[in-house]
Every structure is written in C-alpha cells, then in structure tokens.
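**Student:** After the structure tokens below, expect a handful of questions from me.
The values are calculated or read from the model by the stated rules, or taken from the named source; none is laboratory data. Treat the numbers as computed from the prediction; the structure is a model and nothing was measured. Virtual Cβ from ideal backbone geometry, glycine too; neighbours counted across all protein chains shown. Each accessible area value is taken on the protein alone, full model and side chains, heavy atoms only, with ligands, DNA and RNA left out. Shrake-Rupley method; radii C 1.70, N 1.55, O 1.52, S 1.80 Å.
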Amino acid sequence: MSEELTMPRLSDTMEEGRIGRWLKREGDSFREGDVIAEIETDKATMEFQAYDAGTVLRIIVDDGETAALGAPIAIVGEAGETVEAPAEKPAEPAPAEPAEASHPETPVPDANVSSEAPPSAPAPQGNGKTEVLRVSPIARRMADAAGLDLRTLAGQGSGPDGRIVKADVERTLAGETSEPATSGSPQPTERPPAETLASGTAVSGDEVHELSPMLKAVAKRMGDSKATVPHFYVTSEIDMTRALVLRKELNEALADSGEKVSVNDLIVRACAQALVAHPQAHRSYVNGRHVYHAHAHVGIAVALDDGLIVPVLRDADAKSLRAIAAEARDLAERARAGKLRQAEIEDGTFTVSNMGMLGVSAFAAIINPPESAILAVSATIQRPVVRDGTVTVGDVMSVTLSCDHRACSGADGARLLQTVKRHLEAPTLLLA
C-alpha cells in the first residue's frame, strides 16, 4: 500500500524545508534506516532516514524545491506498485495584449501579471491546443523576477512529468538552453528594469537567487538580534607568544597519534574555563528572567561555501584540551559535509567566531540569542610588545566580546574577557 512521505520537522524552528538532493530516485528501493534524501532546514542540511523499507514510487518535491512542514514530498510503497499522477489544476490563461500583426499566433505576456500566479499555467502549442505547464513555485518566482517567459521552456522541464524546476530556470538564465523547436514558439522577454524587481536594487545583468532555508534563518535571526538585543562591546589584545609555543610543543608530541591542536582550540578551552568562573556573564535573558547555565556549551562558527553554521561543543568546561581539539575538528568536518545531527547545533550558551585565518585585524560579531555573548577573534600578528620593561617582538591577537546588556553588565563582560586573556597568556592554565 503506497503512502506519502511528508516534509519532516528536522529543526525546532523549522517552517519549511528544501530538498538538497534525493539519494534514492523513483524506482529505487531502500531499507529501514537508509538515508533517502538530504533536506536543507533553517539550521543545517540534515539527512532524512527511512523509517521502513520500501521503494520510491514518485518524487513530488524535486531537488532544489521547497515544501512547507508536513507537505507531501514523495510517495513510497511496494516495488511495481502504480500511483496516479498528481492532479494539477490549470490556471486561467494570462491576459494578453494585442499581438504584432506579423506574428498573430504569438501571444504577448502581460507585464502586470502577478508573480503569485499558480504553479501551473497553460502553454500554447503549434496545433492550437492547450497543454498544462507544470512549474515549481520556486522556479516561477525566479522566472518572474528575471522576466523569463516560462512558455519558452514548455516540454523541456527536467522535473517529474516535465515539471519545470529551479535548475531549468537557472540554466535558461545562464544561456545554456537550446533554441526553441518551432518558429512559432514564444521568445524570452527582456529582463525588466531594476525598479520592477521586488528587491528594487538589481540592475541589468544581475542575478537573482532564492535564499536557502539556512540563509533565510540567519538573515532573520541576525536582523532580529541586532534590532532587539542591546549589544555592548569589550575589546582586548592578547599576547599569544607563550600559547603558540605551547601549541607547537603539543603538536610535536602528538604527531605520531595524528592529533592536532589549533589556536581556536586554545581559545575555546580558555573561554569555557572563564565562563564557569563568571556566572554573571554566563547567563541568558529569557522572558524577563536570568537563566544561569551550569555548563559551557561553546558554539564554534564554521564558514560554509554560502552561509554559516555553528556546531556546539557541549560541556566544554569539563573536557581536556585534547578532547576539545578532537571533537572540534570532527564537528567542523561534518558541518562542511552537511552531516551534523540536530542535537549538535542546539543549546549553545556562548560562541567563538574566529576570522584570524583571513587576516582580519578587528571585527565585532552579532549575538545569537538566547546566548548572551560571542567572542570575535582576529588575526595574530607579530609586533613590538613590552615585557619586564624591555621592548621585544610578540604575537598579539585582538579579540572583541559582544554582550547582551540585559544579561551581562559591562564590568562582568570585562572580567570574563580578562580571564580569557589571563589563561591564554599563561597557557599552562589551559592544561589544568
């Protein structure tokens, strides 16, 4: 008996998901526990596992397409079982302006047709008959924004039953499609001027891309944070000379085991120690109350090709430097591969954002609520420093702590950063 697979809730804040790719296509069988698709949520790309054995009979939401939470995305059942094609109601034809006298058979699209048109619209054919033009919602939005007449792609869709999907529109906009098969086929319309685009900022030649669920969530959360959380900033310079010496000695001693300690691992360890030592700076403001955190769950910002994800190193205060290094490397590798589990990106109490490897001299990061602080780490550079009254060359790192003033006072933030500095400048404390 066939049944529908629906868009699962893979994140506590998820409202919709986008199919990254189907790992099992129509006709493919799978076993219980097999990963059948990768789904992009507002937080990460998650694996969708089968809860029973079966066969993919029909894919409803194809690669790159978005569906609301609980909406059907595929039909599965027994091998050889047939399913009816999904019924799609044709939309009313778009109003047409008078055609050119020399081409009376070619309708001219109305520029005032709303971009909220249904996903199916009739496509005129050379024999005068009307055929349903199946278009995914995201493909229609992209085409509307770019001024692309979707009728030029009639019969060329790469989705199920010839459905036009996002990839088809992207290829067309990039000029990779072939010429229409008949001379009577409608030609693509010119790109509308910038002022007609929803963004109001695109100009001729610009490309319009839909945000992934993750980027949408980042845009919303960071916008809300900056607008509603009263940030204040504390900046300090840390002499990393001794910390770098310790790191070199540790890596030489651990070379045979394949373990490696990074500068970021030292920073995470110092922050975890400082957080438990300063509970006034390690609490969250939630609904008019302060929530004190018993353990330091430190988020590590990881840059992706297009976006950012923050896996959480739980109970960092209770872990050794070597344990932090091993776990942080594993989390970062799986974050870039899209293999993180939901529990690994939740419940952070503090975040470290390190752009030192990019040569950044200074920056301030935006807090990720309900966390109350985030440490922005800049590059370590060699410059003159004074030690015991003598000028010498030192390795100096600039850091900026962003704090939520509702949860943390200026003095508490300064004390927290002071302890981080002390532990990095006397790095044997990191081994305690």
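**Student:** Restricting attention to segment 22-33, report how many residues are at pLDDT below 90 and under 26 Å from the mean Cα position of the chain (by Cα).
**Tutor:** 1
**Student:** Name every residue in segment 405-432 that is among the charged types (D, E, K, R), assigned to a helix (DSSP H, G or I) and within 25 Å of THR228 (Cβ to Cβ), in order of residue number.
**Tutor:** First, the residues of segment 405-432 that are among the charged types (D, E, K, R): 406, 412, 415, 421-422, 425.
Subsequent filtering for residues that are assigned to a helix (DSSP H, G or I) retains 412, 415, 421-422, 425.
Selection gives ASP412 alone.
Yes/no per residue for (1) in contact with a Ser or Thr (Cβ under 8 Å, 6 or more places away or on another chain); (2) within 20 Å of GLU210 (Cα to Cα); (3) open to solvent by 30 Å² or more (accessible area, probe 1.4 Å):
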{"site": "GLU4", "(1), (2), (3)": "no, no, yes"}
{"site": "MET7", "(1), (2), (3)": "no, yes, no"}
{"site": "THR13", "(1), (2), (3)": "no, yes, yes"}
{"site": "GLY27", "(1), (2), (3)": "yes, no, yes"}
{"site": "GLY54", "(1), (2), (3)": "yes, no, no"}
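**Student:** What is the number of the single condition among (1) open to solvent by 50 Å² or more (accessible area, probe 1.4 Å); (2) touching a Lys or Arg at 6+ places or on another chain (Cβ under 7 Å); (3) closer than 17 Å to PRO279 by Cβ that ALA407 does not meet?
**Tutor:** It fails just one condition, (1).
**Student:** Give GLY258, GLY348, GLY338, GLY359 a once-over and let me know the one that is in contact (Cβ under 8 Å) with a residue 24 or more places away in the chain, among the small types (Gly, Ala, Ser) and farther than 18 Å from ALA407 by Cα. Before the answer, list the steps.
**Tutor:** Working: GLY258 fails: in contact (Cβ under 8 Å) with a residue 24 or more places away in the chain; GLY348 fails: farther than 18 Å from ALA407 by Cα; GLY359 fails: in contact (Cβ under 8 Å) with a residue 24 or more places away in the chain.
It is GLY338.
**Student:** Ok, one more. Restricting segment 63-84 to residues that are farther than 21 Å from GLU210 by Cβ and acidic (Asp, Glu), which is modelled with the highest pLDDT?
**Tutor:** Among those residues, the one meeting the criterion is GLU78.
**Student:** Mind checking which residues of segment 298-321 are within 20 Å of ALA274 (Cα to Cα), surrounded by fewer than 16 Cβ atoms within 10 Å (Cβ to Cβ) and charged (D, E, K, R)?
**Tutor:** ASP315
**Student:** Then there's this: Within segment 358-375, which residues are open to solvent by less than 60 Å² (accessible area, probe 1.4 Å), within 16 Å of ASP347 (Cβ to Cβ) and not in a strand (DSSP E or B)?
**Tutor:** ILE367, ASN368, PRO369, GLU371, SER372 - these are the residues of segment 358-375 that are open to solvent by less than 60 Å² (accessible area, probe 1.4 Å), within 16 Å of ASP347 (Cβ to Cβ) and not in a strand (DSSP E or B).
**Student:** (1) closer than 21 Å to LEU340 by Cβ; (2) outside any loop (DSSP other than H, G, I, E, B); (3) modelled with pLDDT of 95 or more: which one isn't true of LEU308, the others all being true?
**Tutor:** LEU308 satisfies all of (1) closer than 21 Å to LEU340 by Cβ; (2) outside any loop (DSSP other than H, G, I, E, B); (3) modelled with pLDDT of 95 or more except (3).
**Student:** Which residue is surrounded by the most Cβ atoms within 10 Å (Cβ to Cβ), if the candidates are limited to segment 228-255 and must be among the small types (Gly, Ala, Ser) and within 20 Å of THR400 (Cβ to Cβ)? Spell out the reasoning first.
**Tutor:** The first filter runs over segment 228-255 and keeps only residues among the small types (Gly, Ala, Ser), leaving 236, 243, 253, 255.
Checking the rest, the ones that are also within 20 Å of THR400 (Cβ to Cβ) come to 236, 243.
On the way: SER236: 14, ALA243: 23.
Among residues in segment 228-255 that are among the small types (Gly, Ala, Ser) and within 20 Å of THR400 (Cβ to Cβ), the one surrounded by the most Cβ atoms within 10 Å (Cβ to Cβ) is ALA243.
**Student:** Take residues that are within 18 Å of SER158 (Cβ to Cβ) and out of contact with any helix residue (DSSP H, G or I) (no Cβ under 6 Å at 6 or more places or on another chain) and tell me which of the strands (runs of 3 or more DSSP E) falling wholly in segment 23-76 contain 2 or more.
**Tutor:** Details: elements: 35-40, 45-49, 54-59, 66-68.
Result: 54-59.
**Student:** Residues of segment 347-357 being assigned to a loop (DSSP other than H, G, I, E, B) and either open to solvent by 30 Å² or more (accessible area, probe 1.4 Å) or polar (S, T, N, Q) (or both), which ones?
**Tutor:** Across segment 347-357, the qualifying residues are ASP347, THR349, MET355.
**Student:** Condition check: under 28 Å from TYR292 (Cα atoms), open to solvent by 10 Å² or more (accessible area, probe 1.4 Å) and in contact with a Lys or Arg (Cβ under 9 Å, 6 or more places away or on another chain). Does GLU344 satisfy that? Full working, then the answer.
**Tutor:** Numbers: under 28 Å from TYR292 (Cα atoms): yes; open to solvent by 10 Å² or more (accessible area, probe 1.4 Å): yes; in contact with a Lys or Arg (Cβ under 9 Å, 6 or more places away or on another chain): yes.
Criteria met by GLU344.
**Student:** Exactly one condition in (1) closer than 19 Å to LEU215 by Cα; (2) in a strand (DSSP E or B); (3) out of contact with any helix residue (DSSP H, G or I) (no Cβ under 6 Å at 6 or more places or on another chain); (4) open to solvent by 20 Å² or more (accessible area, probe 1.4 Å) is not met by ARG18; state its number.
**Tutor:** (3)
**Student:** Would you point out which residue out of SER378, SER402 is under 14 Å from THR235 (Cβ atoms), part of a strand (DSSP E or B) and in contact with a His (Cβ under 6 Å, 6 or more places away or on another chain)?
**Tutor:** Working: SER378 fails: in contact with a His (Cβ under 6 Å, 6 or more places away or on another chain).
Exactly one of SER378, SER402 is under 14 Å from THR235 (Cβ atoms), part of a strand (DSSP E or B) and in contact with a His (Cβ under 6 Å, 6 or more places away or on another chain), namely SER402.
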